[in-house]
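Worksheet for the structure shown next.
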Amino acid sequence: MSRQATGSIRYYGGCWRAIVTLRGTSRCTVQLTTCPREVEDEEKARARARLLAEQACLLRAAEKPVGAELARTLLQLLGGSDDRHERPLEAIRRLSTGEAAPPPVASMTFAEFGYAWTSGELRSRYPDHIKKKKTASQDARRLENHVYPVIGTIPLEEITLDHALAVMERLPAHLKPASRRHVAQVMSRVLTLAHFPARVITANPLPKGFLPKLIDEKAYTFLYPDEDRALLGSRSIPLHFRLLYGFMAREGMRRSEASDLVWADVDLERGAVALVENKTREPRAWALRPDCARALCAWRARRGGAGRVFVDEAGEPLITRGDGRATPRFREQLRSAGIDRPELYERSETRHPIRLHDLRATFITISLANGKTETWVADRTGHRSSAMINRYRRAARLVAELGLGDLADMDRAIPELSEVTS
């Protein structure tokens with residue numbers, strides 16, 4: 001008697017994943033998005049893995065061979081949310097009983113290939129050409145919300161520029177230019193990968209220049225040095241937040257980089273920091289400002305030197321990826337510190353209210369105003385083009401002309417740290 005297929009499960013990347021056999025030694029890893037908790041969801045993940053393994057057995061035993069990509073797509077759909085099971089189950093039943101014939105491999109649809117990319121299956125097959133992407137879940141949502149409903153069922157080799165333009169024409173009117181460009185980018189990326197390394201199509205049908213131009217018509221918002229001092233000096237704001245804000249404004253890290261920073265990344269003996277994993281996947285290292293190094297030394301003595309650098313009293317990260325509370329809280333704390341410059345809170349066609357991300361703009365603007373070079377700034381921010389940094393030069397000239405000076409030493413601006421380091 002043959003053993004019942006159960007599949008196997010592993011917990012990594014923030015959720016449970018099931019591993020099932022497609023054919024022979026070919027395996028498929030399915031992200032179980034409804035099972036994010038390592039302990040509480042283990043039994044639920046095992047049950048889902050059994051279901052996936054059973055359906056994979058049906059696909060392997062189908063009268064007409066089912067292509068690996070189609071099988072992966074159906075299993076990925078089955079591993080998703082609980083309210084979308086019926087369609088993939090019905091499709092597997094029809095394929096396994098011969099009621100429906102699978103399309104030839106050459107007729108892989110845009111959606112099938114897209115799912116293979118965002119699920120990580122393509123990366124496992126072509127590790128030299130496709131790197132792990134932290135925003136894969138965001139890409140999947142853009143494809144599912146805007147692209148698949150229009151061209152998802154069309155075979156890849158039949159996709160034309162007109163199809164892509166139809167996707168762009170149907171985008172909701174409220175989407176911002178950056179969001180429209182993101183949709184175009186993921187659509188183009190799928191077709192680029194289908195050309196190479198997958199070699200499913202002979203060429204990407206989207207021409208150079210297809211991506212919408214990103215025109216940022218809104219003015220950059222940043223803190224003046226005296227506003228930064230008022231923020232860091234306000235004891236009404238928890239110390240851990242002030243330390244984070246002061247560090248971001250003085251070292252230029254992205255909010256995700258600062259949130260993920262661990263003590264192992266910081267060499268306080270020499271006053272240096274190294275970021276190995278970051279958005280651009282280009283490791284970078286630089287010398288910390290001496291006042292930042294002193295502030296971190298005082299903070300480590302106060303909180304300990306293990307794990308993440310910027311945590312609250314309970315040891316939890318201050319900000320997380322996709323945290324929608326971070327920016328509203330930042331604005332509230334600015335107001336509580338008595339910082340009431342109107343343009344910081346203005347929302348109009350030419351300006352947006354200050355965001356937590358704008359502490360990075362503060363770093364670039366103040367640094368340029370005080371004579372730092374573009375190379376010095378880019379070493380810290382990770383910008384790869386002069387065009388990105390040049391956007392801040394006009395505001396930097398204003399700061400220089402007004403003689404506003406540099407940001408105060410962080411260990412002196414934060415009263416609790418000043419008492420320790422003085």
Could you go through region 97-106 and let me know if any residue there is farther than 30 Å from L58 by Cα and either modelled with pLDDT of 90 or more or open to solvent by 80 Å² or more (accessible area, probe 1.4 Å) (or both).
no
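Only residues that are surrounded by 15 or more Cβ atoms within 10 Å (Cβ to Cβ) and part of a helix (DSSP H, G or I): list them for region 401-413, please.
Once the filter is applied, which keeps residues that are surrounded by 15 or more Cβ atoms within 10 Å (Cβ to Cβ) and part of a helix (DSSP H, G or I), region 401-413 yields M410, D411, R412, A413.
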So, in region 268-281, of the ones that are within 17 Å of F310 (Cβ to Cβ) and open to solvent by less than 90 Å² (accessible area, probe 1.4 Å), which residue ends up modelled with the lowest pLDDT?
N278
In region 134-156, is there at least one residue being out of contact with any Lys or Arg (no Cβ under 8 Å at 6 or more places or on another chain), hydroxyl-bearing (S, T, Y), at pLDDT below 90 and more than 16 Å from L77 (Cα to Cα)?
yes
Some residue of region 46-56 being open to solvent by less than 40 Å² (accessible area, probe 1.4 Å), within 19 Å of E99 (Cβ to Cβ) and either at pLDDT 80 or above or not in a strand (DSSP E or B) (or both)
yes
Evaluate the following for A258: is it open to solvent by less than 10 Å² (accessible area, probe 1.4 Å), touching a Leu at 6+ places or on another chain (Cβ under 7 Å) and within 24 Å of T135 (Cα to Cα)?
yes
Does at least one position in region 275-287 carry a residue that is in a loop (DSSP other than H, G, I, E, B) and of a type in the set (S, T, Y)?
yes
Any chance you could count how many residues in region 160-204 are touching a helix residue (DSSP H, G or I) at 6+ places or on another chain (Cβ under 9 Å) and surrounded by 12 or more Cβ atoms within 10 Å (Cβ to Cβ)?
26
Report the residue count in region 24-68 for those that are under 26 Å from the mean Cα position of the chain (by Cα) and within 23 Å of A111 (Cα to Cα).
7
Helices (runs of 4 or more DSSP H) enclosed by region 139-236 - at least 1 residues per element that are within 30 Å of L398 (Cα to Cα)
177-195, 225-232
Checking F222 against (1) over 29 Å from E349 (Cβ atoms); (2) crowded, with 21+ Cβ neighbours inside 10 Å, which test does it fail?
(1)
Examine region 125-134 for a residue that is under 21 Å from the mean Cα position of the chain (by Cα), free of Cβ contacts under 8 Å to residues at least 12 places away in the same chain, in a loop (DSSP other than H, G, I, E, B) and surrounded by 15 or more Cβ atoms within 10 Å (Cβ to Cβ), and state whether such a residue exists.
yes
For residues that are touching a residue at least 24 places away in the same chain (Cβ under 8 Å) and part of a helix (DSSP H, G or I), scanning just region 383-397, find the one that is nearest to the chain's Cα centre (by Cα).
I389
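Look at R380 and say whether it is open to solvent by 60 Å² or more (accessible area, probe 1.4 Å) and at negative phi.
Answer is no for this residue.
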For residues that are in contact (Cβ under 8 Å) with a residue 40 or more places away in the chain and open to solvent by 20 Å² or more (accessible area, probe 1.4 Å), scanning just region 139-159, find the one that is nearest to R180 (Cα to Cα).
R142
When residues of region 336-350 are limited to those that are open to solvent by less than 60 Å² (accessible area, probe 1.4 Å) and free of Cβ contacts under 8 Å to residues at least 60 places away in the same chain, the one nearest to S236 (Cα to Cα)
Y345
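The values are calculated or read from the model by the stated rules, or taken from the named source; none is laboratory data. Bear in mind the structure is a predicted one, so any value in this text is a computation, not a measurement. Methodologically, a virtual Cβ is constructed for each residue, glycine included, from the backbone with ideal geometry; neighbour enumeration extends over all protein chains shown. Surface accessibility is based on the protein's heavy atoms, side chains included, excluding ligands, DNA and RNA. Shrake-Rupley method; radii C 1.70, N 1.55, O 1.52, S 1.80 Å.
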